[in-house]
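Any read-out appearing in this document is the output of simple, stated calculations on the displayed coordinates, not a laboratory observation. Quick caveat: nothing in here was measured; it's all calculated off a predicted structure. Note that we place each Cβ from the backbone using ideal geometry, even for glycine, and neighbour counts take in every protein chain shown.
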Amino acid sequence: MGLFWRRRKDGQTNAPSVDSGSVPAMERVVDRAATKGRFFNAIGRARNAFTLSLQNIFLGDAKLNAENLENLEELLISADIGVANSTKILEAVRGRLSRNEINNLESLKEGIRQEIFSLISTATKTGISSEEEVSPASAPYVIMVCGVNGVGKTTTIGKLAQRISAEGQKVMVCAADTFRAAASKQLGIWAERSNVELITQGEGTDPAAVLFDSLTAAKARGIDVLIVDTAGRLHNKAPLMAELEKMKRIAGREVPGAPHETLLVIDAVTGQNGLEQARQFMKTVKVTGIVLTKLDGTAKGGIAVAIAAELGVPIRYVGVGEHLEDLLIFDPATYVDGLLS
Ligand code: GDP
């Protein structure tokens, strides 16, 4: 089955591009190229800022002297790659490239590209949980979605529901952010757009009760995937974390192995602050994947490097716009090419 969002025993996800046996090969190639093109467009602002700054550093003196090196480090840091990662990348590049190569802008760029790629892909691999494959018998597959208000959680759930139902799966959305009245309403609009079922209750209802209802309905109606929205307020963090814990317990009690995936949504525009939010969440919630939204809205696309390297959790998807189809599977190679080509 082409279930791209389902984790497998070997730590890979079943991406439709490699697993959609019924799609003719040529169509798959075209599809992959189109996805790459959309990703390149989305990361255009970050790429332009990066390339321009790189050229400026070497405008006066084409050699990688102490001053240029410092400027280069600043450039990486200002792209939100993070201080420790930037130092690590440059040290590795200097250790690997010859004297001639290091003074050549293109070779230097290629060196940085390779180092960033290795940082992201290593982190992505080690971050994947080695949990057992989810048995198809334990339907529905439950995806919990967490994140601070405003990061794009509701939008992401709408896009995800659309993606998964477009694969022929029966999707249901559970509106368990009962704290914000507007959240359920907004989710309803997205569910309607993507033509999936929504389970919702009144404002202030216990989120765990909405989840219980949704799990019961999902089992009764033969739903394949249940996507669960959760509250995103941070101002009273301890109750929120307790609430998420309770929801996890109920999910696990009703469906073996659930939640099978816990996605944390991070807004790329907030850069290092987003990373800090993630650290806070991860103290109590076992996050299995990251969705990085609004990559199209920042000139500092380096935050993906910091996330992958520091959180040790794979980035599963990136948000590249406000429309239903603007959610792409994250691919480290495409990302690095997009940032540095
Ligand atoms: P929530 O409070 O976390 O549920 O956030 P919403 O889903 O309501 O999104 C907040 C704002 O971010 C809305 O205006 C969305 O249209 C916008 N948004 C969400 N994802 C993306 C994205 O990938 N790119 C862009 N440009 N905007 C996004």
Counting alpha carbon pairs within less than 8 Å and at least 6 residues apart, what relative contact order, in whole percent, applies to the chain?
-> 24 percent
Quick one: putting +1 on the C-beta of Lys and Arg, -1 on the C-beta of Asp and Glu, what dipole do you get for the chain around its Cα centre, in Debye to the nearest 20?
-> 380 debye
Tilt of helix 153-166 relative to the longest C-alpha principal axis of the chain, in degrees (0 to 90, nearest 10)?
-> 80 degrees
Acute angle (nearest 10 degrees) that the helix 181-193 long axis makes with the longest principal axis of the chain, alpha-carbon atoms = 80 degrees
Surface/4 estimate of mean projected area, convex hull on alpha-carbon atoms of the range 138-212, nm² | 4.9 nm²
Only Cα pairs under 8 Å and at least 6 apart count here; give the relative contact order of the range 130-273 as a rounded whole percent.
-> 39 percent
Have a look at Phe39, Thr122, Ile303 and report the one farthest towards the positive end of the charge dipole of the chain, computed about the Cα centre with Cβ charges (Lys/Arg +1, Asp/Glu -1).
-> Thr122
Ellipticity estimate at 222 nm from DSSP helix runs (n ≥ 4, -39,500 (n - 2.57)) divided over the chain, nearest 500 = -17000 deg cm²/dmol
Convex hull projection area averaged over all views, the chain, Cα basis, nm² | 17.4 nm²
Tell me the Kirkwood hydrodynamic radius of the range 198-309 in angstroms, computed as one over the mean inverse distance between distinct C-alpha pairs.
-> 15.6 Å
Taking θ as phi - 60°, what are the ³J(HN,Hα) couplings along the range 300-307 by the Karplus curve (6.51, -1.76, 1.60), each to the nearest whole Hz, with x for Gly and Pro?
-> 10, x, x, 4, 4, 5, 4, 4
Seen from all sides and averaged, what is the projected area of the convex hull of the Cα atoms in the range 295-341, in nm²?
-> 3.5 nm²
Lys/Arg Cβ at +1, Asp/Glu Cβ at -1, dipole of the chain taken about the Cα centre: which of Leu240, Gly222, Val151 is farthest positive-ward?
-> Gly222
For the range 230-320, size of Cβ-based charge dipole, Lys and Arg +1, Asp and Glu -1, in debye | 240 debye
Mind checking which aspartates and glutamates have their C-alpha under 12 Å from Lys36, skipping anything on the same chain fewer than 8 residues away?
-> Asp331, Asp337
Over the Cα atoms of the range 236-276, Rg to Rh with Kirkwood Rh, two decimal places?
-> 1.12
Cα-based count: Lys pairs in the range 161-274 below 19 Å, eight or more positions apart or different chains?
-> 4
For the range 241-304, take the alpha-carbon Rg, divide it by the Kirkwood Rh, and send me Rg/Rh.
-> 1.08
When Lys159, Lys170 are ranked with the fewest other C-beta atoms within 10 Å first, the list becomes Lys170, Lys159
In nm, spacing of pseudo-spin labels at Arg32 and Thr51 (7 Å Cα→C-beta vector) | 2.3 nm
